[in-house]
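All remarks here apply to the structure that follows.
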Amino acid sequence: MLTTFLAAAALSVVLQTGDAGDAAGIADREVTSNDPKAVAFVDESEALVHHPEENGLDSLSFEYDMNDPSVGRLGTVKVSWRKGADGDVVAEPNLEALPSLAMMGTTEELLSAQLSASGLAMLALQRGLMKAQILEQAFVKMDGVEDGMVQMRCYPRDGSDMYGVVNDMVVLFDPDGLMKEMRMAMSQQGMSIKRVEKLDWKDAGDGSYVLNTRVAETELPNPLGGGTMKITETTTHQHLAVGALTLVKSFTTKVDAPMPGTGGEQTTSFTNITVNGEAVGG
């Protein structure tokens, strides 16, 4: 759920250089199984999300360039998928970016891994796989109601990307069951980091919903001293209708941050899109 693809550069550096031993404070760390009621609720929530496979999608392929506000193009990612099989991702790192990335400890191998992880995340986005992104990363249990929003608490699984990073995580759903907000508290190298993501959905035209915008606010210590700083990321998705299917054609992320080189706006466009073997989207 926390992907370096959508995170601001400053936050990515903090998360990538942390020590997994820093985050020992999550409540009820002994939770090692799911609450069946929470899993059932996630199932009901996911049923509201648009799933192209339920509307005739049997195969999908696309590619895109992955960029960084301060470094530029990190590489090209090519994704292909067929119903009943795992997605296949080909990562092509931009070797010209490595000298700049080396200052942050990023090697070609690590960059390739980040590109590949991004490809799988983008495939999940296209397929509307909210459930997989939650349950593969954490155990879940219901946690009451707050201001009319249903709360679910998440406990990172040992070995997941979140384990040792996320101290506390709560997901909130509206009365209809749509995921509307995620609140995370993280610890890295003795620093406390807070992140809140708010999701806005729109009707796909068939009664299901596709993600429209995601606004994430991250509060972390100012590395230049003087308290904390806030990074705000606003991501807007543009969609492509292919018959009864709705896919993501592109998304634009605007980052507002006080540190030089961490702000700006960029658009990621999916190209060479094929649906069931046919090219779409021009």
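Of the strands (runs of 3 or more DSSP E) lying entirely inside segment 171-239, those containing at least 3 residues that are polar (S, T, N, Q) are 209-221. Just the residues that are farther than 30 Å from V49 by Cβ and not in a helix (DSSP H, G or I), please, taken from segment 82-101. Of everything in segment 82-101, those that are farther than 30 Å from V49 by Cβ and not in a helix (DSSP H, G or I) turn out to be E92, P93, N94.
Could you grab me the full set of residues in segment 102-130 that are assigned to a helix (DSSP H, G or I), closer than 30 Å to E44 by Cβ and either modelled with pLDDT of 85 or more or among the acidic types (D, E) (or both)? Answer for segment 102-130, where residues must be assigned to a helix (DSSP H, G or I), closer than 30 Å to E44 by Cβ and either modelled with pLDDT of 85 or more or among the acidic types (D, E) (or both): A117, S118, G119, L120, A121, M122, L123, A124, L125, Q126, R127.
Here's the yes/no breakdown for (1) part of a loop (DSSP other than H, G, I, E, B); (2) surrounded by fewer than 20 Cβ atoms within 10 Å (Cβ to Cβ); (3) modelled with pLDDT under 90:
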position	(1), (2), (3)
T4	yes, no, yes
G25	yes, yes, yes
E30	yes, yes, yes
N34	yes, yes, no
E44	no, yes, no
L60	no, no, no
N67	no, yes, yes
S80	no, yes, no
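R73 meets all of the listed conditions (1) over 20 Å from the mean Cα position of the chain (by Cα); (2) under 16 Å from F270 (Cα atoms) but one, namely (1).
Of the candidates A91, A97, the single residue that is in contact with a Ser or Thr (Cβ under 6 Å, 6 or more places away or on another chain) and closer than 21 Å to S269 by Cβ is A91. Of all residues in segment 240-282, those that are in a loop (DSSP other than H, G, I, E, B) and at negative phi total 9.
Return the only residue of M130, M184, M191, M152 being surrounded by fewer than 20 Cβ atoms within 10 Å (Cβ to Cβ) and either within 26 Å of G84 (Cα to Cα) or out of contact with any His (no Cβ under 6 Å at 6 or more places or on another chain) (or both). One residue alone meets the criteria, M191. No other residue among E44, E108 is of a type in the set (D, E) and more than 29 Å from A185 (Cα to Cα) apart from E108.
Just one of the numbered conditions (1) touching an Asp or Glu at 6+ places or on another chain (Cβ under 8 Å); (2) of a type in the set (S, T, Y); (3) without any contact (Cβ under 8 Å) to a residue 60 or more places away in the chain is not true of S116: (1).
Which one is farthest from the chain's Cα centre (by Cα) among residues in segment 227-282 that are among the charged types (D, E, K, R) and surrounded by 18 or more Cβ atoms within 10 Å (Cβ to Cβ)? Out of the qualifying residues, it is K249.
The values are calculated or read from the model by the stated rules, or taken from the named source; none is laboratory data. The model shown is predicted, which means the values in this text are computed figures rather than measured ones. Reconstructed Cβ throughout: ideal geometry from the backbone, glycine too, with neighbour counts over all protein chains shown.
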